[in-house]
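Here is the structure we will look at.
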């Protein structure tokens with residue numbers, strides 16, 4: 001069964017893909033969907049949800065639906081851009097380390113271990129504070145500190161691929177390393193990179209929200225993290241204005257959940273044994289019935 005058919009048969013992938021695609025579409029169409037201009041005061045401070053403001057207003061009087069839609073555009077941009085940075089760095093190092101081996105692999109493993117033992121969030125806080133609170137710096141900071149897991153996964157996969165018969169045949173026919181990596185290694189690693197990219201998107205969005213909540217987000221742009229941070233700073237919870245925090249928090253949770261479902265489904269489709277990593281009663285009964293039928 002092809003990888004595409006295995007993916008389409010998994011409901012978790014379909015549900016997660018629909019959720020992620022919906023938020024990507026919302027981010028793209030945000031300027032057209034916003035009922036009020038983002039910088040326009042359109043109501044009273046912390047006005048509750050109503051027909052005029054479906055999600056209420058914030059501490060100044062800005063429409064929360066407009067802020068949430070505009071925040072989707074920036075949060076999704078940070079998530080995908082930082083994930084691409086992490087995948088490019090982690091995927092490149094993982095392929096080179098797994099394929100070449102030797103001192104190159106030792107060096108990459110040492111560099112990866114060095115970054116893994118450093119707490120990511122405190123280091124992100126320091127770097128973001130030093131280099132400035134622009135959205136582009138935040139993307140680079142998150143991407144440069146999120147590639148280590150990708151490197152480990154890709155390196156392990158390449159280790160198994162380079163011992164396959166088709167790689168040995170290509171090498172015996174005189175194919176160079178670049179040709180083997182491009183034509184034989186990369187196509188087999190690509191689905192794994194897709195799964196890691198989707199998971200990295202979720203991680204990046206969550207990290208951006210954490211940085212923004214700590215006051216290190218881009219002050220010139222609205223994101224889900226900055227919405228929560230400003231509402232918390234202006235005592236939205238103690239004022240009873242739950243609508244100033246909940247919509248952005250729900251959006252973050254849904255995107256993270258959707259990315260997790262897609263990434264987990266792709267990984268299980270690549271390696272079907274991951275789907276039976278746990279022993280469930282249903283799986284045990286099915287296996288028992290199969291054995292009895294064979295007997």
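From 111, 96, 116, which residue is without any contact (Cβ under 8 Å) to a residue 60 or more places away in the chain and closer than 24 Å to residue 205 by Cα?
On the way: 111 fails: closer than 24 Å to residue 205 by Cα; 96 fails: closer than 24 Å to residue 205 by Cα.
Result of the check over 111, 96, 116: 116.
So which helices (runs of 4 or more DSSP H) are wholly in the range 211-295 and hold at least 3 residues that are modelled with pLDDT of 85 or more and closer than 30 Å to residue 61 by Cα?
Once the helices (runs of 4 or more DSSP H) in the range 211-295 are filtered for at least 3 residues that are modelled with pLDDT of 85 or more and closer than 30 Å to residue 61 by Cα, what remains is 224-233, 246-270.
Is it fair to say residue 161 is at pLDDT below 90, surrounded by 13 or more Cβ atoms within 10 Å (Cβ to Cβ) and at negative phi?
In short, yes.
Among the residues in the range 44-53, are any more than 30 Å from residue 164 (Cβ to Cβ), touching a helix residue (DSSP H, G or I) at 6+ places or on another chain (Cβ under 9 Å) and in a helix (DSSP H, G or I)?
The answer is no; no qualifying residue exists.
The values are calculated or read from the model by the stated rules, or taken from the named source; none is laboratory data. Computed from a predicted structure; not experimentally measured. We place every Cβ from the backbone using ideal geometry, glycine too, and count neighbours over all the protein chains shown.
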